[in-house]
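One structure below.
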Amino acid sequence: MEIPPRKRAAATRRTKQQWRTIFADQEKSSLSTAQYCKKHSLVLSTFYSWQKKICDLPLTQSTNDFIEVPVAHFDVQNTFQASTSHWDVELDLGNGVCLRIRQPA
C-alpha cells in the first residue's frame, strides 16, 4: 500500500505593513515569539526572517539633517577644574545617526 504525499497548505503572502502590524501585536502580547506564532499559525522561521528584513532597515533620513541642541550654561572651569571651557561630545547611535554636543571656546 502506497501512502499519498502530504498536501501542503498554501502559503499566505503578507505585505511589509502587515508584518509590521504582526510584530507590534506580538510585542504587546504577553506571549513569547514561539507561542505567538503557534497561536496565529505563523512559521517561526518566517517570523524571524521578516523581522530581520523589516527591523534592520536603515532609517530613511538625509545625512544633512542636523539639529543643534543648546546646552544649559554652567561654569566648566570651576565645576571640573578644566584648563579650557571648550569641549565636544560625540555619541554614535548607530544606523548613521550621531549625536554631537559641544561647548565652543
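Only the coordinates and a few stated rules stand behind these numbers; no lab work does. Please read all numbers here as calculations on a predicted model, not as lab measurements. FYI the Cβ positions are ideal-geometry reconstructions off the backbone, even for glycines, and counts take in every protein chain you see.
Data table
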{"item": "Contour excess over end-to-end distance, with Cα ends at residue 53 and residue 90 and 0.36 nm allotted per residue", "result": "10.4 nm"}
{"item": "Environment charge at residue 17 (Cβ cut-off 14 Å; Lys +1, Arg +1, Asp -1, Glu -1)", "result": "+4"}
{"item": "³J(HN,Hα), Karplus 6.51/-1.76/1.60, whole Hz, each residue of segment 37-48, x for Gly, Pro", "result": "4, 5, 4, 9, 6, 9, 7, 4, 5, 5, 4, 5"}
{"item": "Karplus-derived 3J(HN,Hα), 6.51/-1.76/1.60, for each residue of segment 87-101, Hz, glycine and proline x", "result": "8, 9, 10, 10, 10, 7, 9, x, 6, x, 9, 10, 9, 10, 10"}
